Structure formats: C-alpha cells, structure tokens
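Below is one structure, written out as structure tokens; the observations come after it.
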Amino acid sequence: MNPKVIIFDTTLRDGEQALQASLSVKEKLQIALCLEKTGIDIMEIGFPVSSPGDFKSVQTISKNIKNSRICSLARCVEKDIDIAAEAMSASDSFRIHVFLATSTLHMESKLKKNFNEITDMAIYSVKRALRYTDDVEFSCEDASRTTMDNLCRIVEKLINSGVKTINIPDTVGYSIPNELSYIIKNLFERVPNIHKSIISVHCHNDLGMAVGNSISAIQAGARQIEGTINGLGERAGNTALEEIIMAIKVREDLLGVSTNINYKEIYRTSQIISRICNMPIPANKAIVGSNAFSHSSGIHQDGVLKNRENYEIIDPISIGFKRVKLNLTSRSGRAAVKHYMSEMGYKDTDYNINELYSDFLKLADKKGQVFDYDLESLAFINKQQDELEHFSLQFFSVQSISNGLSTASVKLLCGKKVYIESSTTSNGPVDAIYQALNRITHFPIILKKFELTAKGQGKDALGQVDILVEYKKRKFHGVGLATDIIESSAKAMINVLNNIWQAKQVNKKLKKLKK
Ligand code: KIV
Ligand code: ZN
C-alpha cells in the first residue's frame, strides 16, 4: 500500500469565511456530517474566537463527529487558543491549528514585529496549545513569500517545541509549482528534525495554480494537503479537494501515494456544499461540474460508446455521480424516501420510517423540494435544531394590478403566537409581502440581493428564490422553493427570519454562559 496523504478540509473555516452570508449551526453540522462520511481525515470546523456563532457551531460539531479528527484555528493569542480548546472539549481528541505570518512583508507592515519576536510568539503559543492536546499544527502564514533561511529556522524550533504538523501556506496564491516544491525540498534537506513532523501545504488559487502547487508539494514530500470542497475560500478560493483526491487516485502510478477517501461520496458532498453555501458549481468544473462527464463532439461520443476509457479518465459512477436524479416533494411517497435513504447507505433499521415520513411531509410543505441531506438531518440530527424554526407562514394573499400598486396580507406563526398584518400599497407583490412580514417582526433588514431561478422543466418547474439580506451589519441568506414564485419569495424571507432568530438565540445563550 502506498503511503497516505492526509486530507485536511477547511470548507467550514477558510471556505465559510468567504461566503456572502455565514452559515447557521445546523447547516455547518450538515456539512460536517457529509465530510465525515466522505472519509476526510481532519476537518477544520471554525475559528471559535471570531464570533459566538462560530463558537457554538464548533461546540455542536465536536459533539457529533466521531470518525474524522476535528480542528479549530487560533492566532498566537492566549484567548484564541483557550477558546479553541474549550469549544472542542466535547471531543476525545482534537487538533489546535495556530498560525502567525513569517514573511518579511507581513512581519513588517502587518504585525510590526521582527523575526525573533515572531519566533518567540509562535513557540509560546504552541506551548499553550500543547496544554490542551498533543496534536498541534502550526502555519507559517505567507510561507511562500518567507525567506528560506527564516522558514528553516522557525520550522526547526517549532518541531522542537512539539508541533506535529507544519503547514506551509501559499496564502496569497503567489507560488508556481516548481517554486513550492523547491521550498518543501529545501525544508527536507536543511531542517535536521523535519522527519519528526508531517509537512502540509495550504494553497490559494489566485493564479489558478492551487491544485498544481499542491500536487508538486506532494512530489516533494508533503503528506498533508489542505483545501476545500469545490475550491471555496478566500478570494479565488483554495485547493479543490475533490480534484486533489482524484488526481492522487488516477495518477497513483506517478505520485505513489493514496488517501483514505470514500470516493462514492465525492459528488454528493460537492452538491450538498454547493447548495448549502449557495455557491453554484460551474458546468465545466473538473470532477464535479455538470459537463465533467458529458461528451459533445461526434468523434468523442463515438469513442466513448466503443470504450468509455477512450475519452474518460474517471468512471463517473465511482465518485457517486448520478445522471438522473429524483426530486423529493410533498407528492413523493414513502418508497421514494426509503429509496433515497438506501442510496445514502442507510438500512431500514437505522431509522423509523413512520417518523421520518411524517417529518419529511412537514418539511416538504415548508421548503417545496427536499434533498437527501435534509432527510439525513431529519432522521439523525438532534431535533432541537429544528425546534429553533420560530417563524412559520400560515397564510398569505396578494393583490397585484398591472401598472399599479400591490398589497399583501400575511398570517405568521411566531413561536406559539399568531399575527396577522397587511402591507400598505407597495410597488410589487414581493415588496408587499415583505412589508407585511416586516410589520410583524420589525427586524431592521436591508434586502441586498434577490435571485429567481427555475428548478426542473416545463409547467411543473419550481421557482427558487435566493435572497441575501443585511441585518445589523451581518449578512443572512435565505432560500424558498415553490411552484408559485410569490410563495417562494415569502419562503425565502421566512428562512432568513428564522436564521436571524437562531443567531439571536445563540448570542443570548452565550451571553448567559459568560455571566
Ligand atoms: O491562507 C492562509 O494562510 C490561512 C492560514 C490561516 C493557514 O488560511
Ligand atoms: Zn487560507
């Protein structure tokens, strides 16, 4: 068996920090469960000191993930490290990932410190993290623009202090493959204790070279690759893990390494993350794009029909790609729900179909279309998460006149109380319904983006509305799906209101805990 490359996923940290709206605790848990099923070795689940919401989601994920190692990010600041450890304390074993910039540019213009001060801060922080766990990773931020001498000096000291994983980030996506492999090779040649740690790389994609750089780092001896599913992340994103994983598999002959990944989950995980994060996958995206396995030219079609391998280097089935996908709606029966569950690998005895089906119907009524990960969440994720759905639309009516003004009335369930409100005349039916809802909730929200897309085909197509709103300087995303686009718009707003309400509850709980 070839040596393993550790796959380190940072979708929930580097990926999430680049989204337009932050994810809810439940959404992050759904993603974490998918990553675990995909066989990700280590998942970075957040930066707990950065916000109460992040702390809460790290806590929740720590309680639920058993088969992947979890990790949280911390600056070289005592509070960051202590809070990271506290947030993950429900887990038997966890990693703390400490980082500090080492390039001259960052040291001088960002941190205003010299290299000796940086080294001292790094060592001090590593020692503090080692109080909580023996699994500490250190990232020399902006490593690819750090002088080789400084990099070798600090890496040697960090390993002597007990760091098990040294990460060499190409923070600004500046490197090219030969250059990064030169850096890794130099570390192996010049740092005497280098074999006591795993060398990792974390590449950004500003020049479109994140995957190429990561592959060249593997060839030079790196044995941990950091990245995100679908390449999400700061600016142009991070290394797309599905691409690295499949490159390692397809070119095992050349690379001589392997991974622990469960390939069959790759496509599903990519789809789920794209939907939850509201980040569509380009059709021509490698491995997971909708065109990745379709052949257009006659010569190619003929070639594939004669032998798939003529023009396909990956069997789409091997990554769980499905050409035909059923949609689950409130019209779907128990058999369809069972079929989805068994496709996800669950036996009938793993869940209670009666309870699941009744919860499914309620969700399908609310959401329009239900995805496989929703089923998983209904069957296995703590129901408390769903009880947080505070707002629910009971009824609405809209009057819209061409070239004229619209009005709307809504009946909204808020916890246990029911409220009825009407709008004043508005300049359109969606505006009218949003106005009526706002007269009940009084949340000071600003609508930043409204997008309508058709899901499915013909007269049975569903209209999906995605909205982005700003509430007290934070962005929230909401999605609604229905055959009636006014209803989709209302559902999207209800989804946003519930997300805001949940975020407020998390803040209240954490404030109480701190008292
Ligand atoms: O890009 C980067 O340098 C990072 C570090 C925190 C690892 O994300
Ligand atoms: Zn990064």
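Return only the number of the condition from (1) hydroxyl-bearing (Ser, Thr, Tyr); (2) under 16 Å from residue 166 (Cβ atoms); (3) assigned to a strand (DSSP E or B) that residue 125 does not satisfy.
(3)
Give me the helices (runs of 4 or more DSSP H) completely within region 1-107, filtered to those with at least 1 residues that are within 14 Å of ligand 1 (Cβ to nearest atom) and hydrophobic (A, V, I, L, M, F, W, C), ordered by residue number.
78-87
Here are 56, 113: which of them is touching a helix residue (DSSP H, G or I) at 6+ places or on another chain (Cβ under 6 Å), buried (at least 22 other Cβ atoms within 10 Å of the Cβ) and not small (Gly, Ala, Ser)? Reasoning before the result, please.
Details: 113 fails: buried (at least 22 other Cβ atoms within 10 Å of the Cβ).
Every option except 56 fails the conditions.
Evaluate the following for residue 217: is it open to solvent by less than 10 Å² (accessible area, probe 1.4 Å), within 13 Å of ligand 2 (Cβ to nearest atom) and assigned by TED's automatic domain parsing to the domain that holds residue 38?
Judged against the criteria, residue 217 is not a match.
Any residue at all in region 186-198 that is assigned by TED's automatic domain parsing to the domain that holds residue 126 and under 27 Å from residue 38 (Cα atoms)?
So the first thing to find is which residues in region 186-198 are assigned by TED's automatic domain parsing to the domain that holds residue 126, and the list is 186-198.
Narrowing the set further to residues that are under 27 Å from residue 38 (Cα atoms) leaves 197-198.
Yes - at least one qualifying residue is present in region 186-198.
Only residues that are buried (at least 19 other Cβ atoms within 10 Å of the Cβ) and out of contact with any helix residue (DSSP H, G or I) (no Cβ under 9 Å at 6 or more places or on another chain): list them for region 248-270, please.
none
Return the residues of region 230-247 that are open to solvent by 10 Å² or more (accessible area, probe 1.4 Å) and away from ligand 1 (no atom under 16 Å from the Cβ); say none if nothing qualifies.
Once the filter is applied, which keeps residues that are open to solvent by 10 Å² or more (accessible area, probe 1.4 Å) and away from ligand 1 (no atom under 16 Å from the Cβ), region 230-247 yields 230, 243, 247.
Test each condition in (1) more than 16 Å from ligand 1 (Cβ to nearest atom); (2) in contact with a strand residue (DSSP E or B) (Cβ under 7 Å, 6 or more places away or on another chain); (3) open to solvent by 30 Å² or more (accessible area, probe 1.4 Å) for residue 141 and report the one that comes out false.
Status for residue 141: all satisfied but (1).
What is the one condition in (1) out of contact with any strand residue (DSSP E or B) (no Cβ under 9 Å at 6 or more places or on another chain); (2) within 16 Å of ligand 2 (Cβ to nearest atom) that residue 186 does not satisfy?
Among (1) out of contact with any strand residue (DSSP E or B) (no Cβ under 9 Å at 6 or more places or on another chain); (2) within 16 Å of ligand 2 (Cβ to nearest atom), residue 186 violates only (2).
Name the one entry in 66, 79 that is touching a helix residue (DSSP H, G or I) at 6+ places or on another chain (Cβ under 7 Å), open to solvent by 70 Å² or more (accessible area, probe 1.4 Å) and modelled with pLDDT of 95 or more.
On the way: 66 fails: touching a helix residue (DSSP H, G or I) at 6+ places or on another chain (Cβ under 7 Å).
After applying the criteria, what remains is 79.
If you go through region 1-41, how many residues are open to solvent by 10 Å² or more (accessible area, probe 1.4 Å) and farther than 22 Å from residue 469 by Cα?
11
The values are calculated or read from the model by the stated rules, or taken from the named source; none is laboratory data. For clarity, every value in this text was computed on a predicted model and none was experimentally measured. Here Cβ is always computed from backbone atoms with ideal geometry, including for glycine, and neighbour counts include all displayed protein chains. Protein only, heavy atoms only, side chains kept; ligands, DNA and RNA dropped before computing areas. Shrake-Rupley method; radii C 1.70, N 1.55, O 1.52, S 1.80 Å.
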